[in-house]
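See below for the structure under consideration.
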Amino acid sequence: MICATPQEFAAALAPGRAVAGLDLGTVTIGVAVSDRMLSVASPLETVKRTKFTADAARLLAIAQARDLAGFVLGLPLNMDGSEGPRCQSTRAFARNLERLTPLPITFWDERLSTVAAERALLEADTSRKRRAEVIDHVAAGYILQGLLDRLTHLRASHDR
């Protein structure tokens, strides 16, 4: 099920289970996972893309092994907020993944997530080689953390 809003996604999640954030690139997929309280995102791994069936099988294996409740895909909007070809391919990936899993899927604006990840890695004095190895799953962590912060805000305003 593809959820259009964070509210729909939150309502569709099984309680007490983590979620995964995905940074879909043309060559790799960065993967991050949350804790079960949905408060902290942690970069997990970078999946080397081959073809959709193999990529999806790896993501679903991660979801099963970690008992995940859903997926958050970074949506690469243009800086003006419009959607270009990369958004279309991300939405197509989500539609194809939706056919293979009952887990809810949603999107999160990923503008500047890679820039933020790169800056954090530079500040941590990470070598160029190591940055290249981890940038995608660190960016996935930024995407996932953005959604987790939104869910926390929604819960806080709901509890008032």
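Each reported figure results from applying straightforward, stated rules to the coordinates on display, with no laboratory input. All values reported here derive from a predicted model rather than from experimental measurement.
A few comments on the model shown:
- Amide H contacts of Leu68 (H built 1.01 Å from N, under 5 Å, at least 5 apart or other chain): none
- Extension gain for Ser39-Arg17 works out to 6.8 nm (0.36 nm per residue, less the C-alpha to C-alpha distance).
- The equivalent ellipsoid of region 13-68 has semi-axes of 21, 12, 7 Å, largest first, where each one is the square root of 5 times an eigenvalue of the Cα gyration tensor.
- Separation of region 13-37 and region 48-62, taken as the distance between their Cα centroids, equals 14 angstrom.
- Stretchable slack from Ala156 to Thr26, in nm (0.36 nm times residue separation minus alpha-carbon distance): 43.1 nm
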